[in-house]
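Quick notes on the structure that follows.
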Amino acid sequence: MKNQVFSILLALLLVGSCSQASNQSEKQTLENLRQDPKLKKAYFASGCFWCVEAIYESVKGVEESISGYAGGHTKNPTYEASNTGRTGHAEAVEIYYDPEIVSFATLVEVYFGSQNVTQVNGQGPDHGSQYRSIIFYQSPEEKQIIDAKIKALNAELAPQKVAAEVMSFEKFWVGEDYHQNYERLHPNQGYIRAVSIPRLNRFKEKFPELIKVDH
């Protein structure tokens, strides 16, 4: 019995050590990305960040996609707090991309081409202000690209309109460790199988020319 207990405790310690090592590796990777002068950042929100993270990470030229929170009025938001809808934050992603391979304009195409653009306060089965669509800009040039795309979509969709908010970027709060790379690490989780993977596959079918070879 003691040997069994010891074995269980040892296994738990090993799992904990592996998890901690993985988190440290992720943080080091993020720090390396932040210091890479050739990479730019972009910020998007369109429903569950597990889905959006996986979509952008499948795109050529995107080095990393980080899940987190943006667009709200509180500091240090958590998953639990943002889910109340009272923080003002939406689940969002921070994209690190190489502009020599993929342009901001293409990332905008990916954004609108991978969601239901007319759905207000949510995507698919996810409803609430924390799941609303927001596209963030960091310069007048980026805003011009976004506005032009929305104008074109509104003309196509009339009398319906694009539901996404257009917001000047202020702050991105990195989400909890367990949310990062969630779709890749938990392919058999119920929501991932029912919602995230089908949404990713629909995107891949729509934009095959943008998909990385290993995806």
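Quick notes on this structure:
- Each label was represented as a point 7 Å from its Cα along the Cα-to-Cβ direction; for Arg193 and Ala155 these points are 4.5 nm apart.
- For peptides 148-157, 76-85, sequence by mean Cβ density within 10 Å, most packed first: 76-85, 148-157
- Evaluated with a Cβ-only charge set (Lys, Arg +1; Asp, Glu -1), the range 141-215 carries a dipole of roughly 320 debye about its Cα centre, given to the nearest 20.
- Against the chain, whose longest principal axis comes from its Cα atoms, helix 2-34 is set at around 30 degrees.
- Separation of the Tyr79 and Ile211 label points, Cα + 7 Å toward Cβ, nm: 2.7
- Choice from Ala158, Ala70, Ala42 with maximal GNM fluctuation in the chain (Cα, 10 Å cutoff): Ala158
- Within-15-Å neighbourhood charge of Gln130 [Cβ basis; K, R +1; D, E -1]: -3
- Counting only Cβ charges, +1 for Lys and Arg and -1 for Asp and Glu, the dipole size of the chain around its Cα centre is about 360 debye.
- Distance violations [Cα-Cα > 22 Å] among Lys40/Lys212; Lys41/Lys206; Lys151/Lys212; Lys40/Lys161; Lys161/Lys204; Lys60/Lys204: Lys41/Lys206; Lys151/Lys212; Lys40/Lys161; Lys161/Lys204
- Choice from Tyr191, Tyr131, Tyr182 with maximal GNM fluctuation in the chain (Cα, 10 Å cutoff): Tyr191
- Alpha carbon convex hull of the chain, projected area averaged over orientations, nm²: 14.2
- Mean-square fluctuations from a GNM of the chain, with a 10 angstrom spring cutoff on Cα atoms, peak among Gly122, Gly88, Gly190 at Gly190.
- Distance cut-off 14 Å, percentage of C-alpha pairs in the range 138-183 lying past it: 65
- Structural size metrics of the range 71-115, computed from C-alpha coordinates, are Rg and Dmax of 14.2, 40 Å.
- For the pair Lys40 and Asn116, label points projected 7 Å from Cα toward Cβ lie 3.2 nm apart.
- Computed helical MRE - 222 nm, the chain, DSSP H runs ≥ 4 contributing -39500 (n - 2.57), nearest 500: -13000 deg cm²/dmol
Values in this text are rule-based calculations from the coordinates and carry no lab data. Only a predicted model underlies this, so the values are computations on that prediction, with no experimental measurement involved. No Cβ is skipped: glycine too gets one built from the backbone with ideal geometry, and neighbour counts run over all protein chains shown.
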